[in-house]
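Following: one structure in structure tokens, then a few remarks.
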Amino acid sequence: MSGTDYKFEGWLGFDKSSAHGNMQWGEFEPKPWEETDIDIKIECCGVCGSDIHTLRSGWGPTNYPCCVGHEVVGTVVRAGSKVEGGIKVGDRVGVGAQSDACRNRTDKHCKICADGNYNYCRVHHVGTYNGVYMNGGKSYGGYATYQRVPSFFAVKIPESMPSSHAAPMLCAGVTTYAPLKFHGVGPGKRVGVIGLGGLGHFGVMWAKALGAEEVVVISRSSSKKADAMAMGATGFIATGEDPEWLNKNRSSLDIILCTASSADMPFNDYLFLLDLDGVFIQVGAPDDDLPRIKQMALIFNRIKLTGSLIGSPDDIREMFQLAVDKKVQPWISEIPMKEANKAIVDFEDGKPRYRFVLKNEDYTPVPAQA
């Protein structure tokens, strides 16, 4: 199918029921080859909430069949004559939630890409799965044996970083790192992180690594308090256990990163935790809408309400360097790729502590090219 001596095979979702652990293993056709492309032999792939949203068509109709997975790490087995970033056969690379953008290769000028904000491209943003490349090919993700992607969106993995640690950083990691860095988290800042899950546990560790003065986890219960403290949190608010939680903590934070994706969370109470000129960053993305927003917290504290979308390749490289420098290590569980169906069901049941990584058990690295 692909013109190579290896097969592109993976876990395919054929309809909404695939989100309930009904993916089927099969062969797929990668994008038509271009000389800027690379083929990656996949070592591992993180499991992300986006995978389940897409499998069940939660964010809109999915173009089935779909192979999800956008926290992909593996070895380059084929590299075109025009690859970018100095990538060559044998390099260990990662691909996050985006695998292409227009990058001003159309007749429409894209200022966003010109400024390097490729993750916000409005002309032709291509998701690593369930997307369509500029040459018409379909994008397939990393619950698979091999993946073909444009080299520009592949990032080399630091030599000292284990592949299973790098994988969840490619989406969950950069989705939380990029907005914290953009909004100036550092010494003197008081940071709140709503939700201690796959995204939230990264938020805590990045805030600490960036030098925040306080890092407070906000959750419904105190069941994860010990974990939060072990990750570097300095405080913990259990909203479901203390009826006075808001009065005790009003105006105590400068920045809140909300990783929760629940339509019934106490959104407006969260806003009152911010001090004057505070910033509320929403990165959790539910299938349905967020709660209705009331205006008073925004008005009386001059609050900035914003969001953030993944990160650019440069954001990922910068994040990797911070992780190496500050020894940031995600809390993960490694699961055989053959158990992907069970993994997504367990993911939805809230079992990860705090990220699942699927591993191809028969993976062997490819020798580096001289």
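Pairs needed: first member in the stretch 346-360, under 16 Å from residue 169 (Cβ atoms); second member anywhere, among the hydroxyl-bearing types (Ser, Thr, Tyr); C-beta distance under 6 Å; at least 6 residues apart or different chains.
From the stretch 346-360, the pairs are 356/333; 357/164.
Go through the stretch 65-78 and give me each residue that's part of a strand (DSSP E or B) and within 22 Å of residue 338 (Cβ to Cβ).
Within the stretch 65-78, 66, 72, 73, 74, 75, 77 meet the criteria.
Residues that are open to solvent by 50 Å² or more (accessible area, probe 1.4 Å), at least 1 per element: which strands (runs of 3 or more DSSP E) completely within the stretch 214-320 meet that?
214-219, 274-282, 304-307
I need the full set of residues from the stretch 14-66 which are surrounded by fewer than 14 Cβ atoms within 10 Å (Cβ to Cβ) and of a type in the set (D, E, K, R), in order please.
27, 29, 35
Considering only residues that are open to solvent by 40 Å² or more (accessible area, probe 1.4 Å) and on the phi < 0 side of the Ramachandran plot, which ones fall in the stretch 87-111?
Listed by number, the residues that qualify are 88, 92, 105, 106, 107, 108, 109, 111.
Within the bounds of the stretch 45-53, is there any residue that is among the hydroxyl-bearing types (Ser, Thr, Tyr) and in contact with a strand residue (DSSP E or B) (Cβ under 8 Å, 6 or more places away or on another chain)?
Looking for residues that are among the hydroxyl-bearing types (Ser, Thr, Tyr) and in contact with a strand residue (DSSP E or B) (Cβ under 8 Å, 6 or more places away or on another chain), one finds none in the stretch 45-53, hence no.
Of (1) within 16 Å of residue 328 (Cα to Cα); (2) open to solvent by 10 Å² or more (accessible area, probe 1.4 Å); (3) in contact (Cβ under 8 Å) with a residue 24 or more places away in the chain, residue 173 satisfies all except one. Which?
Failed condition: (2).
Looking only at the stretch 323-368, how many residues end up being part of a loop (DSSP other than H, G, I, E, B), aliphatic (A, V, I, L, M) and under 17 Å from the mean Cα position of the chain (by Cα)?
Within the stretch 323-368, residues that are part of a loop (DSSP other than H, G, I, E, B), aliphatic (A, V, I, L, M) and under 17 Å from the mean Cα position of the chain (by Cα) number 1.
Among the residues of the stretch 158-216, which ones are charged (D, E, K, R) and within 29 Å of residue 349 (Cβ to Cβ)?
If the condition is that a residue be charged (D, E, K, R) and within 29 Å of residue 349 (Cβ to Cβ), then 208 is the only one that fits.
Could you tell me whether any residue of the stretch 153-172 is aromatic (Phe, Trp, Tyr) and farther than 30 Å from residue 213 by Cα?
Yes, the stretch 153-172 contains at least one residue that is aromatic (Phe, Trp, Tyr) and farther than 30 Å from residue 213 by Cα.
Return only the number of the condition from (1) modelled with pLDDT of 95 or more; (2) open to solvent by 10 Å² or more (accessible area, probe 1.4 Å) that residue 72 does not satisfy.
Tallying (1) modelled with pLDDT of 95 or more; (2) open to solvent by 10 Å² or more (accessible area, probe 1.4 Å), residue 72 fails exactly one: (2).
Quick one: residue 264 ticks every box in (1) in contact with a helix residue (DSSP H, G or I) (Cβ under 8 Å, 6 or more places away or on another chain); (2) modelled with pLDDT under 95 bar one, so which box is it?
Here residue 264 clears every test but (1).
In the stretch 185-207, which residues are open to solvent by 50 Å² or more (accessible area, probe 1.4 Å) and in contact (Cβ under 8 Å) with a residue 60 or more places away in the chain?
Matches in the stretch 185-207: 189, 190.
Which of the residues belonging to the stretch 196-213 are in a loop (DSSP other than H, G, I, E, B) and under 18 Å from residue 326 (Cα atoms)?
210, 211, 212, 213
The values are calculated or read from the model by the stated rules, or taken from the named source; none is laboratory data. Note that the structure is a prediction, hence the values are computed from the model and not measured. Positions of Cβ are generated from backbone atoms using ideal geometry, with glycine treated the same way; all protein chains shown enter the neighbour counts. Calculation scope for accessible area: heavy atoms of the full protein, side chains included, ligands and nucleic acids excluded. Shrake-Rupley method; radii C 1.70, N 1.55, O 1.52, S 1.80 Å.
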